Amino acid sequence: LNAQALGEGVPGVTNIADEKARLMMELGDLLAGPLGEPHQAIASYKDGLLIKPESPTILHKLLEVYTALSQWTEALDVLETLIGNEKNEKRRARFRLTSAIIARDHVKDLRRALTLYHASLDDDATLERALEALEDLATELDDPKELLKVYQRKIKALGPDAMDTPKQRAERLR
C-alpha cells in the first residue's frame, strides 16, 4: 500500500503509523473472520505488530487465531509478550495463568507450567485456581520440594487471621 492509500494527507489521519497498523488489523479481522483465511490473518496481524509491536489489541487478535488453530507454542509466545508489556499485576497474573494452562494441557511442558503457576501467584496470591492446579501438578510430578512450596503458599494465603492466637491454641491443646 502506498502512503496516499494509507491516508497521508487525508483529513482526520494524523499518524500514518497508527493508520497502517489499524488497516493491517482490519485486514486481519476480515481474513480471520468472513474470508476464512486464518493463516493470512496471522501474517496481517504480524505486519501490524511490526508497526506497533506492543499493541495489546493486535496481540489479543493474534492470540485468538493461534488458539483457534491450536498453535500453542505461538500462543505462548504472544502471551509472553503480553506478560512483558502488562503493568497491572492482576491482569499479568491471568495471562500467566493462561500460559500455565496451555503449557500443561497442550504443550505438555509441566516444568514450564509449574514456573508459570508460581509466577501467576506471585502477581496475584488470590488466584485459587492457580494454587489448586499447582498442587495437582506438583503431585503429578511427584516432586516433594514443589509440594512443600505449594503447602507453604497455601499457609501463607490463609494469612495471619487464620492462625490460632496463643489463647486459642491453649484451648485446643487442653
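The values are calculated or read from the model by the stated rules, or taken from the named source; none is laboratory data. Here the structure is a predicted model, which means the values were calculated and not measured. Don't worry about glycine lacking a Cβ; one is built from the backbone with ideal geometry, like all the others, and counts go over all protein chains shown. Remember, those area values only see protein heavy atoms, side chains included, never the ligands or the DNA or RNA. Shrake-Rupley method; radii C 1.70, N 1.55, O 1.52, S 1.80 Å.
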Those residues of segment 156-174 that are modelled with pLDDT of 75 or more and open to solvent by 90 Å² or more (accessible area, probe 1.4 Å) come to a total of 2
Quickly run through segment 13-68 and pick out the residues that are hydroxyl-bearing (Ser, Thr, Tyr) and over 20 Å from residue 98 (Cβ atoms). 14, 44
